[in-house]
Amino acid sequence: MLKTNEYFDGKVKSIAFETENGSATIGVMAAGEYEFETSTVEHMTVTSGNMDVQLPEENSWNTYKPFETFIVGKDVSFKVKVTADTSYRCLYK
């Protein structure tokens with residue numbers, strides 16, 4: 001069964017589903033700045049656009065391009081900036 005999620009007044013939307021490797025979402029972010037919180041380890045892969053990410057306890061920002069993945073730990077927050085609509089896949093471990 002698919003489940004839709006909406007965050008930040010509709011500026012981030014995703015569809016959740018199950019894969020052979022566990023839970024996942026496919027989503028889109030409108031241009032903007034966001035701060036997300038995690039409850040599991042997340043493997044995020046940019047699928048279109050570019051995503052600037054500041055991971056927990058880091059002072060610098062890293063840019064991720066299509067098909068690049070970053071991993072965020074459990075029970076932390078991280079910041080994201082996108083300058084155009086950007087899509088992603090997130091696998092939850």
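The values are calculated or read from the model by the stated rules, or taken from the named source; none is laboratory data. Quick caveat: nothing in here was measured; it's all calculated off a predicted structure. Neighbour counts are summed over all protein chains in view; Cβ atoms, including those assigned to glycine, are modelled from backbone coordinates with ideal geometry.
See the values below:
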{"read-out": "Count of segment 1-40 residues which are under 22 Å from Thr83 (Cα atoms), assigned to a loop (DSSP other than H, G, I, E, B), of a type in the set (A, V, I, L, M, F, W, C) and out of contact with any Ser or Thr (no Cβ under 7 Å at 6 or more places or on another chain)", "value": "2"}
{"read-out": "Residue within segment 42-64 that is hydroxyl-bearing (Ser, Thr, Tyr), exposed (fewer than 13 other Cβ atoms within 10 Å of the Cβ) and at pLDDT 95 or above present", "value": "yes"}
{"read-out": "Filter result (touching a Gly at 6+ places or on another chain (Cβ under 8 Å) and under 11 Å from Met44 (Cα atoms)) within segment 67-84", "value": "none"}
{"read-out": "Those residues of segment 4-31 which are exposed (fewer than 10 other Cβ atoms within 10 Å of the Cβ) and either among the polar types (S, T, N, Q) or more than 16 Å from His43 (Cα to Cα) (or both), in sequence order", "value": "Asp9, Gly10"}
{"read-out": "Odd one out for Ser87 among (1) exposed (fewer than 14 other Cβ atoms within 10 Å of the Cβ); (2) in contact with a Gly (Cβ under 7 Å, 6 or more places away or on another chain)", "value": "(1)"}
{"read-out": "All positions within segment 41-93 that are within 17 Å of Lys13 (Cα to Cα), assigned to a loop (DSSP other than H, G, I, E, B) and not polar (S, T, N, Q)", "value": "Gly49, Ala84, Asp85"}
{"read-out": "Single condition Gly32 does not satisfy, out of (1) under 15 Å from Ile71 (Cβ atoms); (2) more than 10 Å from the chain's Cα centre (by Cα)", "value": "(1)"}
{"read-out": "Long-range neighbours under 6 Å by Cβ, at least six apart or interchain, first residue under 15 Å from Ala31 (Cα atoms) within segment 45-69, second of a type in the set (D, E, K, R) and surrounded by fewer than 13 Cβ atoms within 10 Å (Cβ to Cβ)", "value": "Asn50/Lys65"}
